[in-house]
1. Against the conditions (1) open to solvent by 30 Å² or more (accessible area, probe 1.4 Å); (2) at pLDDT below 90, where does B:F191 fall short? Just the number, please.
2. Being of a type in the set (D, E, K, R) and over 13 Å from A:E268 (Cβ atoms): is that true of A:E251 here?
3. Among the residues of segment A:74-109, how many are away from chain B (no Cβ under 13 Å), part of a loop (DSSP other than H, G, I, E, B) and in contact with a Ser or Thr (Cβ under 9 Å, 6 or more places away or on another chain)?
4. Which of the residues spanning segment B:647-668 are open to solvent by less than 30 Å² (accessible area, probe 1.4 Å) and free of Cβ contacts under 8 Å to residues at least 60 places away in the same chain?
5. Please give the number of the condition B:A147 fails out of (1) part of a helix (DSSP H, G or I); (2) more than 13 Å from chain A (Cβ to nearest Cβ); (3) among the hydrophobic types (A, V, I, L, M, F, W, C).
6. Can you tell me which residue is modelled with the highest pLDDT among those in segment A:113-152 that are more than 28 Å from A:L91 (Cα to Cα) and open to solvent by less than 40 Å² (accessible area, probe 1.4 Å)?
7. What number goes with the only condition from (1) open to solvent by 20 Å² or more (accessible area, probe 1.4 Å); (2) facing another protein chain (nearest Cβ under 9 Å) that B:P101 does not pass?
8. Among (1) open to solvent by 20 Å² or more (accessible area, probe 1.4 Å); (2) under 36 Å from the mean Cα position of the chain (by Cα); (3) of a type outside the set (G, A, S); (4) farther than 23 Å from B:S237 by Cα, which single condition is B:N67 missing?
Amino acid sequence: MKRHKVLTTLLGLLLTCCDSSNTEDMWKRYANASLNPGNYHSDAHYLVRSRTLLSDKISSQALQALAKDSSWYVRSKVAQHEKTTPQILALLAKDEQLQVRRAVAQNGNTSPEVLVELAKDPQWQVRFAVADNDNVPVSILHEWCTSPSHFTKKELFYRLAHHYDTFRKLRDLLDNKNETAIAEKMCSEVARYTCAHPEILRDLSKHPNYEVRLQVAQNSSTPADCLQDLAKDEDESVRSEVIYNSSTTKEILEAMIATEEDEDIKEEAQDMLDEKEE
Amino acid sequence: MNKKIALAVFLLQIITIICFVSPAISVKQNNSVATFMVNSVVAKQNDHTFAQNFPRDETTVLCIELNEINRENIVVAEEIIEQLVSEPGVVRHHSFLLDTPPSLQFQIDEQIGWQKSSEELIFPFIKQNFYTALVVFEHDNDRQQNAIGNIIHKIPFFIRHYAQISNIHFAGEPVVSYHLGLSSLEVKTKFFPTLIVFCSLVMFWVFRSIGVLIAWLLAIVNALVVSMGIFGLMGNSLNLITNLIPVLIFVLSTAMHMHILLSLTYFEDYISGLKEKLIPNFLVALTTSIGFGSLMVSNVKPIYLLGKYTSISVWIIFATCYITHLGFSLLFGLNLYKKKIHGKGLPQDKIFILGKLNGGWLLVPIAMIALGVVTVVYNSSESNGLKYFPQHHTIRENSAYIQKNITGSSGIEILIPKPQGKFLEENFYRQVALFEQQLKALEHIRHTISLNQYLRFATKSTIGFSEYEEEDLTIASSTTLETMQKQLQENSPHIFTHFVSENYYRIQILCNAIGSEHFHQLKSKINALYAQQKFHKDFIFTGTLDQVIQIQMYLLQSMGESLFFTVLFSLILMTLFLKNIHVIYLAIIPNLFPIACMACALKVFDFPTTIGTVMVFSIAFGIAVDSTIHLFHSFYRLQQPGFAKKWSYSLAMNISAIWITSFILFGAFLLIGLLSSFLPTTQFGLLLAVGMISAWFGDVSFLPISLRLYTQGLFGKEKNNEAS
């Protein structure tokens, strides 16, 4: 035991002496790791090992081995990798590091069963990342949608704004369950985000509730064709908001002036057009 | 002595070395503030309470300077942070992208803008062009120090590799500890080899014998290995103070060896030579161990440990010196009989003349002592670890840069006793929220992090979205407050673990690096604010900055106490062993003279009182008194009347050893002082070099004047009439 300690200490001293050369060498290996990943999977430095994941030549065996890496950074990179299998992701879903579990939650290969488990994670960073995944079971989203927590709903709606299919599925479910108020609240909140998917805004521009259409009319990311439709909306407050939308083109305004029956709106449109022409 | 016995002694020595080598080389480095923690009851109790209630981890600040703040660059900065901090030893990190809900990130980007984001967050993760993360490390262990070292090594690569970033700054108490560790390792990597080469050359020049060199090195290795082995086995770690133990062992062992070797050459017989120096060396070991042992009165733990283990080591040195000569030297021989060193080439006659100087010259050391006392009392003190490094050292520049642009990285912890219960009840919450608000307005306090901050942040995260409209929680209803706490616990349970325990509510304060005067002012203001809120119990005040200031407070106290005990016990022992009460006043002036010179050197070199200077005085006294003992011993050993004969004999017996030893010690300490850029080591080396040379001067000038005046009867009973 003592001999082992002596040898370890001597080796430690030797390594300390060679430390500067090791550091230089490490960066060379780091540069080469993405080119020849096979040589660096079991490298001593975690940054070199993580770099091998950038290569197209990475094998599934290598991914499996790196999923058990001692460094959470490497494991998180495996969890992000598009070639990582659902089996490996299921293993990584139990990782103690937040960043690893979050990456699993966002990976498109993660199975719905694992996503259900991750949706119960104590850390919100992991839990809500599930909503970024296209495989997320809609039942989870429905549960969050009806949650009393404002924070949960706000995070959910923000993420839904980015994912048209998920949003669509949840909206259909709410409609099927006749939860109209919740659905309208969701649509209204999602329509506020300028980062919202254009297809979502397009859908919502035809929403029966004028409050939702009003949000779409105010959103500067709303596509021009939707604004054109909203310019002819039955609700005058919606038509009025289209005028003040920064994305509304001169052509839309000219069309509004030509067709608008409400004199006040017409005047507002004319003023805006003049302003734009100036 | 029988060759077989010599062989047995030699083998025993080798076996001892083998047995202790493993624990000796396994001793680890640790320079955290906790290592220097003051041994006071209140400080210990506060620290213990903190450790019982909250996880003991340590926060640092990692700041990435971006060319421009935008979403893409922020993502790059986060990626760099993840790559840097994914080291074993890092508990977690807090950053904008990790801690801020994406919906709020979007809100900041779209509505508020990155430049104003710091007002919205718990900590200014984004400010100007800086993306900052709080990196939390494990408390006070090897993994922490390794992780910090690895992060520091990787930083230059990331600066080169990513075009989006212009610099990375890393600061905080654990980072300072890491740099302190590196600097204190200079003793091992630079000074020790230099010392060995320097002393080997001097030894070879004096004795011209390979045998002497081997014997000397064997004794030193034996003393080093056994002393450090015991040090390691007792579970101690090395730091910037205790790193000096091996150097001191080396120096003290060399000094003792010099006296023995010169005695061996004088008597031309091992046993007689060893016997001649047995009593003076025993007395030297006793007084030196008392000199170092007196450091044990210090409340600063490393000074206590230095005192304790060096005083033990002195006896090990004493034993190994004799064991080496009774074993190796008798077995293999030293080949030194024909080297007549005594009296050759040394200005003994000129030195003798110094003893003839007028008694009035004693006023010089007396004046120096008075001047030294004044200097020490009025000298400023410094215990901020950052100030130990040169002005342009990375850690000083980084800390100053972060303090100027983002935050102070000195930590204060306030623990407020709270009513029992899982969640904070309404009245208590209002009290702490108001208290925190007032704390933030105090000068030097940059940020407070607490449950309240997270609650307010969580509230902000939902504002503008929902039917919940109350932004100010201090006026919210108790139901709303409880709902917000429940939501926070549901989403981030770790925040409750870190900031609320069953009995205490924790406020973590980040403040500027301030001196003790400003700290005490700040503490009084905090006390006054706390009193205003009328909490039902007193709060606990602790944290890194508090510990550092306490160390500073105890420095001067340690210095005074340890010097007092060293002088007292050394003089009592000398009196007892030399059986002469007059030794007390005869020895005190020449031996306080070097201490006074060192005190004046503090002013000359413009050194503040630091953890490095505080112990040199008693160490210097402990070493300086050695030569006096040798001179006294020979002086009283000659049974002939008259000062001149006695002093001549004493000089003949000792002057070569004193001269060479003083030269070795002066040279060694001067080298340490000149080679280091690390303030405590520079101070230690230069002041002890001054101490050694002035101790030598005191012994050859003021000691004989005192002895002459004594023998003339001016100080006490007249011994004889001879004046010179």
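1. Going through the list (1) open to solvent by 30 Å² or more (accessible area, probe 1.4 Å); (2) at pLDDT below 90, B:F191 breaks only (1).
2. Working: of a type in the set (D, E, K, R): yes; over 13 Å from A:E268 (Cβ atoms): yes.
It is true that A:E251 is of a type in the set (D, E, K, R) and over 13 Å from A:E268 (Cβ atoms).
3. Residues flagged as away from chain B (no Cβ under 13 Å), part of a loop (DSSP other than H, G, I, E, B) and in contact with a Ser or Thr (Cβ under 9 Å, 6 or more places away or on another chain) within segment A:74-109 amount to 6.
4. Answer for segment B:647-668, where residues must be open to solvent by less than 30 Å² (accessible area, probe 1.4 Å) and free of Cβ contacts under 8 Å to residues at least 60 places away in the same chain: B:S650, B:I658, B:S662.
5. B:A147 satisfies all of (1) part of a helix (DSSP H, G or I); (2) more than 13 Å from chain A (Cβ to nearest Cβ); (3) among the hydrophobic types (A, V, I, L, M, F, W, C) except (2).
6. A:C145
7. (1)
8. (2)
The values are calculated or read from the model by the stated rules, or taken from the named source; none is laboratory data. In this text the structure is predicted, and so the values were computed from the model without any measurement. Here Cβ is always computed from backbone atoms with ideal geometry, including for glycine, and neighbour counts include all displayed protein chains. Protein only, heavy atoms only, side chains kept; ligands, DNA and RNA dropped before computing areas. Shrake-Rupley method; radii C 1.70, N 1.55, O 1.52, S 1.80 Å.
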